[in-house]
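The values are calculated or read from the model by the stated rules, or taken from the named source; none is laboratory data. Because the structure is a prediction, the values reported are computed rather than measured. Positions of Cβ are generated from backbone atoms using ideal geometry, with glycine treated the same way; all protein chains shown enter the neighbour counts. The accessibility values were calculated without ligands, DNA or RNA, using every heavy atom of the protein model including side chains. Shrake-Rupley method; radii C 1.70, N 1.55, O 1.52, S 1.80 Å.
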Amino acid sequence: MKIAVVGATGMVGRKMIAVLEERKVAYEHLILAASERSAGKLMSVGNLPYPVVTMDQALLAQPDIALFSAGAETSRNWARKFARQGCYVIDNSSAWRLFKDIPLVVPEVNSHVISREQRLIANPNCSTIQMVLALAPLHHHFRIKRVVVSTYQSVTGSGMKGKNQLDAEISNLPVEKFYPHPIDLNVIPQGGSFQDDGYTTEEQKLVDETRKILGDESIQITATVVRVPVYGGHSESVNIEFYQPFEIGEIIRLLTEMPGIVIQDDPKQSIYPMPLYAENKDAVFVGRIRKDFSVPNGLNLWIVSDNLRKGAATNAVQIAEFLISHHFVG
Ligand SMILES: NC(=O)c1ccc[n+]([C@@H]2O[C@H](COP(=O)([O-])OP(=O)(O)OC[C@H]3O[C@@H](n4cnc5c(N)ncnc54)[C@H](OP(=O)(O)O)[C@@H]3O)[C@@H](O)[C@H]2O)c1
């Protein structure tokens, strides 16, 4: 079996390669692709040197699975070409996520939407993945009416350019600005670009993708996305209103039983999730679990996860593992 990583030199691409190795996904050939700028560079995988190839070369190599993380434009230009050859494309960009016939998948939540026939599969946005993993079992039991989410997002969520800006500002070095303002010692209430309605594109993704994954367009969601000077992962304050009443014990039981979730919730001992400790872990950490007494059936959660792992690379590799274990490939 041949697996391609498209965007292999980027933050998510590098993490995908690491996760493929860690989880011992069996492949005969690994194809590493990036832009023309990187073609010919060598990357080390399992102590072996792999040359970075161009998109044309990756297509010619006819991979069975291609993990794309090279931005929406590259996905729009190339993903269908790979899929037409019979390759399963697992795409990390925003290009295909809201297409009706394209599955948008968090494997623990909705792997049933993956089919043998549909070769294009979309990986949700990082902040959506960690939130829906916690929301899914709760929605199933108590039905969500409304969600208010505020995010505190890591600079690694903006790729190399975001990380480079924070690195340089911390070290007092000159750098090409990626964010519209300094990010060190600051918080920036802007993720992506602004729409005419005052929300940002990253906020809109949280609304649209959550509804699609949970299969319920009636859920009311409002989001505020904030970039913070943090590397380890994204944090989210999530306020939920349910139709049904619940007890906190039931919430804790449902979250404990949900694969991929780890509860860290002993506030009096100062135990709650934090990005510093979530870094390089696959779990979605949930804490500060408490009732919101200001509305009927209200709940507050604090959700943290490494956006490069479960928010991107690990989720994509889990989808690849699903394809392999269901004999769609190999
Ligand atoms: N960072 C996250 O937490 C996260 C989470 C979920 C989804 N995503 C999505 O994943 C994608 C990559 O994000 P990232 O954070 O890894 O960004 P990044 O660090 O900036 O890396 C971008 C990658 O795309 C490649 N690339 C750029 N233009 C290309 C082209 N024309 N043809 C082929 N390859 C090209 C780059 O190759 P060169 O090195 O040759 O330029 C690099 O490998 C984006 O769509 C992003 O929205 C990111």
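Remarks
- Within segment 27-71, the set of residues being touching a helix residue (DSSP H, G or I) at 6+ places or on another chain (Cβ under 8 Å) and in contact (Cβ under 8 Å) with a residue 60 or more places away in the chain comprises Pro63, Ile65, Ala66, Leu67, Phe68, Ser69, Ala70.
- Among the residues making up segment 26-61, those that are over 26 Å from Gln318 (Cβ atoms) and assigned to a loop (DSSP other than H, G, I, E, B) are Ser35, Ala39, Gly40, Lys41, Thr54.
- Leu120 meets the conditions (1) more than 16 Å from Arg97 (Cα to Cα); (2) more than 15 Å from the chain's Cα centre (by Cα); (3) within 15 Å of the ligand (Cβ to nearest atom) in every case but one. The failed one is (1).
- Taken over segment 62-75, the criterion of being more than 6 Å from the ligand (Cβ to nearest atom) and not in a helix (DSSP H, G or I) is satisfied by Gln62, Pro63, Asp64, Ile65, Ala66, Leu67, Phe68.
- Of everything listed in (1) farther than 16 Å from Ala8 by Cα; (2) open to solvent by less than 50 Å² (accessible area, probe 1.4 Å), the single unmet condition for Ser69 is (1).
- Lone qualifier among Asp266, Asp306 - being free of Cβ contacts under 8 Å to residues at least 24 places away in the same chain and either on the phi < 0 side of the Ramachandran plot or surrounded by fewer than 21 Cβ atoms within 10 Å (Cβ to Cβ) (or both): Asp266
- Only one entry in Asp56, Asp91 is acidic (Asp, Glu), within 12 Å of the ligand (Cβ to nearest atom) and surrounded by fewer than 20 Cβ atoms within 10 Å (Cβ to Cβ), namely Asp56.
- Residue within segment 132-140 that is closer than 20 Å to Gly215 by Cα and either within 11 Å of the ligand (Cβ to nearest atom) or open to solvent by 50 Å² or more (accessible area, probe 1.4 Å) (or both) present: yes
- Qualifying residue in segment 156-166 (condition: basic (Lys, Arg) and open to solvent by 70 Å² or more (accessible area, probe 1.4 Å)): yes
- Considering only residues in segment 1-25 that are of a type in the set (Val, Ile, Thr) and not in a helix (DSSP H, G or I), the one that is farthest from the ligand (Cβ to nearest atom) turns out to be Val25.
- Matching residues, segment 168-183, being assigned to a helix (DSSP H, G or I), open to solvent by less than 70 Å² (accessible area, probe 1.4 Å) and either within 15 Å of Val228 (Cβ to Cβ) or of a type in the set (Ser, Thr, Tyr) (or both): Glu169
- Residues that are β-branched (Val, Ile, Thr) and either open to solvent by 10 Å² or more (accessible area, probe 1.4 Å) or closer than 16 Å to Gly192 by Cα (or both), drawn from segment 219-236: Ile221, Thr222, Thr224, Val225, Val226, Val228, Val230
- Screening segment 253-322 for strands (runs of 3 or more DSSP E) wholly inside it with 3 or more residues that are of a type outside the set (A, V, I, L, M) returns the ranges 284-292, 298-305.
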